[in-house]
Amino acid sequence: MAGNLNQRSKSGVASRFRRPGHAPMSEINVTPFVDVMLVLLIVFMVTAPLMTVGVEVNLPKTKANSLSGNDEPLTITVDGQGLIYLQETVLDLETLVPRLLAITGQNPDARIFIRGDQNIDYGLIMRVMGSINAAGYRKVGLVTAAAALPKVKDEGEKP
C-alpha cells in the first residue's frame, strides 16, 4: 500500500493528488460572478430613475395623483427661458412634431410628458401641447412636483 502513495506520474506529481484515469477537473466557480452581477443590477436599478431627466426646471406643485404606465415616456421640457427640449435636445416648436413622429414611428399611443417651469408663460406650454395633440398623439400629460399635503388633525389632538 505504501508503494502506491509514492508512485509518481510522468509529470513528477504524486499520483495520490490525481484521480486515476481521469483528466484534471476544470469547473469554474460562478458564485462570485453572480454576486457581482446582482450588486451591479441593484446599483443600476437605483440610479437609472435619477438619470432620466436632464433639464433643470422649477416645476409647479400640485396634489394630483401620478400616472402609471409600462413604457418609457418621451419628455418635453420648457425651461425658464422658453427653450423647448425633447429629452435633452433643444428644438424649436416647428421641428418638435416632425422629430416626435420620427422617434415614435408615428405611434399615436406613445406617452409624452410635458414639463414646464412654473415661471414660464402658460400660453407657450399650451402651444406645445396643442401641436403635439394636433399631430395625433393621445397620451400627453403635464408633469408637476408633488405638493406637501396639509396635516390632518387627529381627533384626540387638542387645538
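Residue by residue, here is whether (1) at pLDDT 80 or above; (2) surrounded by 10 or more Cβ atoms within 10 Å (Cβ to Cβ) holds:
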residue	(1), (2)
1	no, no
6	no, no
25	no, no
30	yes, no
37	yes, yes
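Please enumerate the residues belonging to region 126-159 that are at pLDDT 75 or above, over 18 Å from residue 108 (Cα atoms) and more than 27 Å from the chain's Cα centre (by Cα).
Hits for region 126-159 are 126, 127.
Go through region 75-94 and report how many residues are assigned to a strand (DSSP E or B) and either surrounded by fewer than 19 Cβ atoms within 10 Å (Cβ to Cβ) or charged (D, E, K, R) (or both). Let's see the steps before the verdict.
If we filter region 75-94 for residues that are assigned to a strand (DSSP E or B), which is where we start, we get 75-78, 84-86, 89-91.
The next check asks that each one be either surrounded by fewer than 19 Cβ atoms within 10 Å (Cβ to Cβ) or charged (D, E, K, R) (or both); those that pass are 86, 89-91.
Number of matching residues: 4.
Please determine, by comparing only the residues of region 95-115 that are β-branched (Val, Ile, Thr) and part of a strand (DSSP E or B), which one is nearest to the chain's Cα centre (by Cα).
Looking only at region 95-115, we keep the residues that are β-branched (Val, Ile, Thr), and these are 95, 97, 103-104, 112, 114.
Narrowing further to those that are part of a strand (DSSP E or B): 112, 114.
On the way: 112: 16, 114: 18 Å.
Once the filter is applied, the top-ranked residue is 112.
Working only within region 102-112, note down all residues that are surrounded by fewer than 18 Cβ atoms within 10 Å (Cβ to Cβ) and touching a Gly at 6+ places or on another chain (Cβ under 9 Å). Please lay out each step first, then the result.
Looking only at region 102-112, we keep the residues that are surrounded by fewer than 18 Cβ atoms within 10 Å (Cβ to Cβ), and these are 102-109.
Result: 106, 108.
Name the residues in region 87-133 that are of a type in the set (A, V, I, L, M), more than 10 Å from residue 76 (Cβ to Cβ) and free of Cβ contacts under 8 Å to residues at least 12 places away in the same chain, would you?
Of everything in region 87-133, those that are of a type in the set (A, V, I, L, M), more than 10 Å from residue 76 (Cβ to Cβ) and free of Cβ contacts under 8 Å to residues at least 12 places away in the same chain turn out to be 90, 102, 126.
The values are calculated or read from the model by the stated rules, or taken from the named source; none is laboratory data. The structure displayed is predicted, hence computed values, not measured ones. All Cβ positions, glycine included, derive from the backbone under ideal geometry; neighbour counts span all protein chains shown.
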